[in-house]
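Below: one structure, written as structure tokens.
The values are calculated or read from the model by the stated rules, or taken from the named source; none is laboratory data. Quantities reported herein were computed from a predicted structural model and do not represent experimental measurements. All Cβ positions, even for glycine, are placed from backbone atoms using ideal geometry, and neighbour counts span all protein chains on display.
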Amino acid sequence: MVAPDGGNTTSSRPPGNKESISILHVDDHVDFAEMAAQFLERDNERFDVETAPSASEGLERLSEAEVDCIVSDYEMPGMDGLEFLKAVRETHPDLPFILFTGKGSEEVAGDAISAGVTDYLQKKSGADQYTVLANRVENAVNQTRAEYRLEESQRRFRTLLSNVPGIAYRCRNERSWPMLFVSDGCDELTGYEPSDLVDGNVNYGRDIMHPDDHDRVWDSIQDALEAREPFRVEYRIRTADGAERWVWEQGQGVFEDGEAVALEGFITDITQRKESQEQLEYQSSLLEAQMETTIDGLLVVDEDRSIVSYNDRFGEMWEIPEEVVETESDEALLDWVVEHKLADSDAFMELVEDLYERPEETSRDEVKLTDGRIFDRYSAPVIGDAGTNYGRLWAFRDITERKERERELERQEFLFGRVQDIADVGVWEYDPQTDDLTWSDGIRRIHGVDDDYEPTLADAIDFYHPDDRDEISAAVTRAIEAGEEFDLELRIVRPDGTIRAIHTWGEVGLDKHGETELVRGVFQDITERKERERELQIYEYACKSALSGIAIANLDGELRSVNPALCEMWGYEEAADVIGRSVTDFWADPEAAANVAQPIQETGSWEGELRAVRDDGTTFEAYCSASYVTDEEGEPIALMSSFVDITERKRHEQELEEEREKYATLVEQSHDGVVIMQNHEFVFVNSRLADITGYDEAELLGMTFTDIIAPEDRQLLRDRYERRLDPDADSPPSRYTVTFETKDGRERVAEVSAAAIRYEGASADLASVRDVTERQRYEDELEQINEELEMLNRVVRHDIRNGMAVMLGWGELLEDHVDDAGAEHLEKILTSGEHIVELTEIARDYVETLTSDEEVDIKPMGLQQVLTTEIALRREAHADAEISIDEPIPDVDVRANEMLSSVFRNLLNNAVQHNDKDTPIVEVTAEERDDDVYMEVADNGPGIPEDQREQIFGKGERSLESSGTGIGLYLVQTLVDQYGGEVQVKDNEPEGAVFTVTLPKAD
């Protein structure tokens, strides 16, 4: 539990009672969060769920209100769920935190556990997940409250010990007195922490007790134990800082079977305190330091009105001459201040005299000086512990700047009030007792009615858009009957038919009996703001890639927004020169540009190259990527295009082609640089090596590899050479990669292979140098593309899964509200939605399989656990199917990886989803053999014709339009092949199909 100030503290709420449980659900998908809140509150009447659309807003809510549990999504923009968890743990380390996410993986779960997550739950498509979530929340909160009670009990015990002037202990009855327990007073008494003694880092008998007293104390205690009496001893100790203290100890033995196994007792300090004068001097110096470090000017006057003390700040503020202060006369001081500083000396002196006549009074006021400064003046009597009045303290603080800020704030508030008078807002009041509704002129203007129009409550509600009337009616009713305030953004329809967006606030005034006396509020026309927000949303979509030219056009092809990069690319000075024109006006072939619209309409996007025409008539090659911008419902609202000038790239490509043609013969002879070395020096080079290094062939002769290799790789060359000379060392690899430094200082990456040869009758080394710089660059680009594809896959899956989860949730809520005819259609909708969610899982596995740039990681995987888990999940997903398994499943490891579950999931889904029976029956068998495991997934479906059995795995056709059963079986084929296994299909008897999977056993 947390306190409203966001600090690391527990709530004052009695733990473990039956009061409500406050839940903060943080999810960037607002509809999903609201739906989840409704399920949770319906499942447990104690739940009070509040939602937040982002982690940052969740932290703000956490700082403002008490929360018993946080439920958070993982994938959220700005700050994801793990970052949010870490931020919460910084201030609320014990607050229950449940990660409720659509992204499920061992990596995310591991990171969450490391960050201190309370529980981890993966989102599913059914409503049962909310029951599970509700149970996890309630358990987490109950456990936290139980821990709170235990901590309170322990805290009271620690408080008792901490207020005892000494330490309580328990130790073994040994000469070194090893401690088993030491209370918190240990640090104050000995300078050591209790853990130092309990852990054995510090030994009480050896390190603390004075060695001259050790034997005496031991004998005294043993004598008392033999007599079964308590013991009392006094002795010296040495503290951690070397100081010597006297202590008094009282205790008794703890006996088991007649033997003293431990001692329990109490130790307190009996060392004489420092002389009271030393303490007084310390307090005086501390007071003096405080006076000189404060920002206030301080003056202390005794009961005879003589100056006792003042700080430097007092003299700086009042600018009093030193000779006046040195008189030590309060009256001389006042006379100088009245004459030289005060703007209103009469009022100043009147208060001074009044306070001296009433020495027990305190006072605070403001003093204005002639130079315009303003001081806050505070005065209080100086009273001793015995009630003796020793004089009076005067404290002055310069508040000139603060007063100026306050005046500026008053001015701004005045201006703001005037702006409110002329802004497009109005106020209203409704009296439920008299049924009178009052509108201001501003509200009449917003509604488009005459200035003398006087509506009833029913008239006012009729102005609202038909789709919004029920909402405003319900809000007003709750305000009148339950005293609930409301804050809504809705629409009204004016008498002329125009629709305006409005923001209406309503609050309730109560009478002395707590009954609704008045409902009043503010009404604002936000139509223009809504339009601006829509335009801003479109613009934000368009500016996601600021380095490319970006354009936004309406669905008719008319440009509505462009970014500066596009204007610069086409040679226009301002966006106004482009806005309003057709998107086809900027191309050398307008017809080709217009033809782009068709594929966009069919697929939603298009990419390709076009020749563009600048404002000055020159042309350039541009790469264009165009797609629709859609709203939350997925409907197109605009066309977004991004452009990249590829003229230079095309020119370089043309130059490269010409260069290749020019040197075709030479390339055919040797594409690699060739060099022969004797005594480390080049004695022969070909022109290709000269091309690579930038040196002339003549310049290269006599040089060494060290001369042309980048400094960071020179040691690699030396190590390789030394390994070749060392007969006991392993031979170096024949091929390796190094970075060359060209004549002009550029770096090139090359593969070098070397071999020993004979050249002109002497030993030599032959090296082949292949420039792989471009290949390296292309590999880096391919890696980046794969990373972007993986990011796109995660984002799309996140949005689709959240959207479908909301749709399925609302669909299940409709089950009790549709008739029999509608129930059939609703069931089809829910089934299709669940299939879409399942496709996102297949798409994830497919993308992760295709985009992996690493060698497939094959390792032992437990077949029994993976297959058992997946069958249980499929039974839950397909409740109308009978899925059985011939037990037991072999407890054996097979060669696979984490994607093995995807193999079984897709085979089981295929057996159910393509089954034409009312009750699909799926039977799974698994048999361990000598070198492998043989599995069958049999169904009672329509079977698969023999001429289609090669096609069902989508071989050669990997798209969703392939003639196979879908991308899932292609993924099965791909994964099993990677594992070194085999997947086939055959007929089932008497009907259906059998998919067989053979997986090799792990070594």
ask   = Going through the stretch 63-122 one residue at a time, which ones are in a helix (DSSP H, G or I) and among the acidic types (Asp, Glu)?
value = GLU64, GLU83, GLU90, GLU106, GLU107, ASP111
Every residue from the stretch 485-535 that is under 17 Å from GLN433 (Cα atoms), among the charged types (D, E, K, R) and either surrounded by fewer than 16 Cβ atoms within 10 Å (Cβ to Cβ) or not assigned by TED's automatic domain parsing to the domain that holds PHE463 (or both) = GLU507, ASP511, LYS512, GLU515, GLU517
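Suppose we filter TYR695, TYR759 for residues that are surrounded by 11 or more Cβ atoms within 10 Å (Cβ to Cβ) and within 16 Å of ASP672 (Cα to Cα); which single one remains? Give the steps one after another, and end with the answer.
Working: TYR759 fails: within 16 Å of ASP672 (Cα to Cα).
Exactly one of TYR695, TYR759 is surrounded by 11 or more Cβ atoms within 10 Å (Cβ to Cβ) and within 16 Å of ASP672 (Cα to Cα), namely TYR695.
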note = GLY265 fails exactly one of (1) farther than 16 Å from ALA168 by Cβ; (2) modelled with pLDDT of 90 or more; (3) not acidic (Asp, Glu), namely (1)
query = For LEU559, are the conditions met, namely being touching a strand residue (DSSP E or B) at 6+ places or on another chain (Cβ under 6 Å), part of a strand (DSSP E or B) and over 30 Å from ARG491 (Cβ atoms)?
reply = no
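Residues of the stretch 766-782 being touching a residue at least 40 places away in the same chain (Cβ under 8 Å) and not in a helix (DSSP H, G or I), which ones?
From the stretch 766-782, those touching a residue at least 40 places away in the same chain (Cβ under 8 Å) are 766-771, 782; that's our starting set.
Those that are touching a residue at least 40 places away in the same chain (Cβ under 8 Å) and not in a helix (DSSP H, G or I): LEU766, ALA767, SER768, VAL769, ARG770, ASP771.
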ask   = Out of (1) at pLDDT 85 or above; (2) more than 44 Å from the chain's Cα centre (by Cα), the odd one out for GLN654 is which?
value = (1)
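Name the residues in the stretch 502-532 that are assigned to a strand (DSSP E or B), without any contact (Cβ under 8 Å) to a residue 40 or more places away in the chain and over 34 Å from the mean Cα position of the chain (by Cα), would you?
So in the stretch 502-532, the residues assigned to a strand (DSSP E or B) come out as 502-510, 516-525.
Narrowing the set further to residues that are without any contact (Cβ under 8 Å) to a residue 40 or more places away in the chain leaves 503-510.
GLY506, GLU507, VAL508, GLY509, LEU510 - these are the residues of the stretch 502-532 that are assigned to a strand (DSSP E or B), without any contact (Cβ under 8 Å) to a residue 40 or more places away in the chain and over 34 Å from the mean Cα position of the chain (by Cα).
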request  = Looking only at the stretch 226-255, count how many residues are more than 57 Å from the chain's Cα centre (by Cα), part of a strand (DSSP E or B) and exposed (fewer than 11 other Cβ atoms within 10 Å of the Cβ).
outcome  = 0
task = Mind listing just one residue for me: the one in the stretch 124-156 that is at pLDDT 85 or above and among the basic types (Lys, Arg) and, of those, farthest from ASP816 (Cα to Cα)?
result = ARG145
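Any idea which residue in the stretch 542-556 is surrounded by the fewest Cβ atoms within 10 Å (Cβ to Cβ), counting only those that are part of a loop (DSSP other than H, G, I, E, B) and in contact with a helix residue (DSSP H, G or I) (Cβ under 7 Å, 6 or more places away or on another chain)? Quick ask: steps written out before the conclusion?
At the first step, the residues of the stretch 542-556 found to be part of a loop (DSSP other than H, G, I, E, B) are 543-548, 554-556.
Adding the requirement that they be in contact with a helix residue (DSSP H, G or I) (Cβ under 7 Å, 6 or more places away or on another chain) leaves 546-548.
Numbers: ALA546: 11, LEU547: 9, SER548: 18.
My answer is LEU547.
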message = Can you list residue pairs whose Cβ atoms sit under 8 Å apart, with the first residue in the stretch 465-481 being within 20 Å of ILE499 (Cβ to Cβ) and the second being assigned to a helix (DSSP H, G or I)? Count only pairs 6 or more apart in sequence or on different chains.
response = ARG469/ILE461; ARG469/ASP462; ILE472/ILE461; SER473/ILE461
inquiry  = Step by step: first the residues of the stretch 800-837, then only those that are charged (D, E, K, R) and more than 23 Å from ASN906 (Cβ to Cβ), then the one that is modelled with the highest pLDDT. Which residue is that?
reply    = ASP819
task = State whether the residues of the stretch 87-97 include one that is farther than 21 Å from GLN143 by Cα and either among the charged types (D, E, K, R) or surrounded by 23 or more Cβ atoms within 10 Å (Cβ to Cβ) (or both).
result = no
query = Condition test on ASP302, is it modelled with pLDDT under 90, surrounded by 11 or more Cβ atoms within 10 Å (Cβ to Cβ) and more than 59 Å from the chain's Cα centre (by Cα)?
reply = yes
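Only one of LEU121, LEU99 is hydrophobic (A, V, I, L, M, F, W, C) and touching a residue at least 24 places away in the same chain (Cβ under 8 Å). Can you tell me which?
Values: LEU121 fails: touching a residue at least 24 places away in the same chain (Cβ under 8 Å).
Exactly one of LEU121, LEU99 is hydrophobic (A, V, I, L, M, F, W, C) and touching a residue at least 24 places away in the same chain (Cβ under 8 Å), namely LEU99.
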ask   = Is it the case that ASP196 is surrounded by 13 or more Cβ atoms within 10 Å (Cβ to Cβ), without any contact (Cβ under 8 Å) to a residue 24 or more places away in the chain, farther than 17 Å from THR268 by Cβ and of a type in the set (Asp, Glu)?
value = yes
note = When every residue in the stretch 911-926 that is at pLDDT 90 or above and within 41 Å of the chain's Cα centre (by Cα) is compared, the one farthest from ALA993 (Cα to Cα) is VAL912
ask   = If we keep just the residues of the stretch 983-999 that are within 27 Å of ASP893 (Cα to Cα) and polar (S, T, N, Q), which is surrounded by the fewest Cβ atoms within 10 Å (Cβ to Cβ)?
value = GLN984
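When you scan the stretch 412-432, do you find a residue that is in a helix (DSSP H, G or I) and of a type in the set (Phe, Trp, Tyr), even just one?
Quick first cut of the stretch 412-432, residues in a helix (DSSP H, G or I) only: 412-422.
Those left that are additionally of a type in the set (Phe, Trp, Tyr): 414, 416.
Taking every residue of the stretch 412-432 in turn, at least one turns out to be in a helix (DSSP H, G or I) and of a type in the set (Phe, Trp, Tyr).
Among the residues of the stretch 290-336, which ones are part of a loop (DSSP other than H, G, I, E, B), of a type outside the set (Val, Ile, Thr) and closer than 16 Å to PHE396 by Cβ? Full working, then the answer.
Pass one, the stretch 290-336, residues part of a loop (DSSP other than H, G, I, E, B): 294-296, 303-305, 311, 319-321, 326-328.
Narrowing the set further to residues that are of a type outside the set (Val, Ile, Thr) leaves 296, 303-305, 311, 319, 321, 326, 328.
Across the stretch 290-336, the qualifying residues are ASP296, ASN311, GLU319.
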key: Unmet criterion (only one of (1) surrounded by 15 or more Cβ atoms within 10 Å (Cβ to Cβ); (2) within 23 Å of VAL300 (Cβ to Cβ); (3) within 55 Å of the chain's Cα centre (by Cα); (4) of a type outside the set (A, V, I, L, M)) for ASP365   = (1)
request  = Could you grab me the full set of residues in the stretch 30-56 that are aromatic (Phe, Trp, Tyr) and more than 17 Å from SER125 (Cα to Cα)?
outcome  = PHE47
query = What residue, of VAL425, VAL337, is modelled with pLDDT under 85 and touching a helix residue (DSSP H, G or I) at 6+ places or on another chain (Cβ under 7 Å)?
reply = VAL425
query = Of all residues in the stretch 586-624, which are surrounded by 14 or more Cβ atoms within 10 Å (Cβ to Cβ), of a type outside the set (A, V, I, L, M, F, W, C), at pLDDT 90 or above and touching a Ser or Thr at 6+ places or on another chain (Cβ under 6 Å)?
reply = ARG611, GLU621
